Amino acid sequence: MEMTKANRRLVASLATVKGRREHGLFVAEGTKCVLETIGLFDTIALLATAGWLESHTNVLTARPHDVTVVKRADIIGMSSMSTPPDVIAIYRIPPERTSRPHPDTLSLALDRVQDPGNLGTIIRIASWMGINDIYCSADTVDLYNPKVVQATMGAIARVNISYCDLPELLDQAVHDNIPVYGTFLDGTDIYDTQLTPGGIIVMGNEGNGISDTVAACIDRRLLIPSYPPGRPCVESLNVSMATAIVTAEFRRRSYN
């Protein structure tokens, strides 16, 4: 890939949903993210400084790609990161993998999660906890937002994320006798509640929680209690932090 003005504009355009959809491409930025994902997606180009390429010749020898040496000024102009990295990979967006919830499998559903860092962290948590499927409402932040990709630390290639009509999916799950859990301030204490090995855990929007439409589909309401009970504390937990706590408790029970 020759580093022309047109190609600089192309890479910069991938910071937007419109640009990603138009070209069918997305970017991974930074050494950690690129090394974790390269070879797992169809690589269009690898843009890196001469210094980065010199330090990672073993990676390039093992996984040959269309490599372009770029200047720091080029990286700065293309990167979405506050501290531009030394390497950017351009990948083709793969076809969305569709799957259906299963009663014996634990999965996540995200209702209007808007912060890219939160979505990326939740994907990373899912990978760690052995959760293979995340179902997102149509208005959840785009999976291929550069900040989402960065926050996953490579987990984006290991977890199946699909966008869907969430109430419809959850209604069908309840019909199929799949437990549907959600976190609410008026739920029952998760540590005193019987949990099933499989089911769907719904997590809501950062500011407004789970929407009424989605809440109507949830048949098991959980509360993450503060400690000690009744002590003044923050109003709520960050959604990715809450996801980590809830999924860890489900997995802890499965070992007991």
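The values are calculated or read from the model by the stated rules, or taken from the named source; none is laboratory data. As the structure is a prediction and not an experimental result, all values here were calculated from the model. Note: ideal-geometry Cβ built from the backbone for every residue, glycine included; neighbour counts use all protein chains shown. These accessible areas exclude ligands, DNA and RNA; they are computed on the full protein's heavy atoms, side chains included. Shrake-Rupley method; radii C 1.70, N 1.55, O 1.52, S 1.80 Å.
So the values come out like this:
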item: Residue order for THR43, THR152 - accessible surface, 1.4 angstrom probe, largest first; result: THR43, THR152
item: With Cα atoms, 0 to 90° folded angle of helix 116-128 axis to the chain main axis; result: 70 degrees
item: Crossing angle, helix 166-175 versus the chain [Cα axis fit, 0-90 degrees, rounded to tens]; result: 40 degrees
item: Förster-model FRET efficiency, 22 Å R0, GLU206 and ARG158, C-beta, rounded to 0.05; result: 0.35
item: Neighbour net charge for ASN160 - beta-carbon separation under 12 angstrom, K R +1, D E -1; result: +1
item: Share of carbon and sulfur in the accessible heavy-atom surface of the chain [1.4 Å probe, %]; result: 52 percent
item: Helix 239-255 axis, angle to the chain major axis (alpha carbon atoms, nearest 10°); result: 60 degrees
item: Simple spin-label estimate for THR16 and LEU237 in nanometres, 7 Å along Cα-Cβ; result: 3.8 nm
item: Accessible solvent surface per residue of the stretch 101-256, calculated while the other protein chains remain in place, 1.4 angstrom probe, Å²; result: 48 Å²
item: Rounded to 5, percent antiparallel among DSSP beta bridges of the stretch 19-167; result: 45 percent
item: Helix-only CD estimate at 222 nm, as mean residue ellipticity for the chain, using -39500 (n - 2.57) per DSSP H run (n ≥ 4); result: -10000 deg cm²/dmol
item: Longest segment of the chain lacking GluC sites (Glu not before Pro) that sit in a DSSP loop with at most 16 other Cβ atoms within 10 Å; result: 97-205
item: Sites THR196 and LEU35, calculated FRET efficiency, Cβ-Cβ separation with R0 30 Å, nearest 0.05; result: 0.20
item: Given the chain, longest segment not containing exposed loop trypsin sites (Lys or Arg not before Pro) (DSSP; at most 11 other Cβ within 10 Å); result: 98-256
item: Rounded to 5, the percent of DSSP beta bridges in the chain classed as antiparallel; result: 30 percent
item: The stretch 148-256 - percent relative contact order, Cα under 8 Å, separation 6 or more; result: 29 percent
item: Given charges at Cβ of Lys, Arg, Asp, Glu: the chain dipole, positive-most of PRO228, ASN118, ALA248; result: ASN118
item: Length-normalised contact order of the chain in % [C-alpha pairs under 8 Å, at least 6 apart]; result: 19 percent
item: Candidates MET241, MET203, MET153: whichever shows maximal mean-square fluctuation once the chain is modelled as a Gaussian network with Cα springs under 10 Å; result: MET241
item: Charged-residue dipole, Cβ positions (Lys, Arg, Asp, Glu), the chain about Cα centre, Debye nearest 20; result: 800 debye
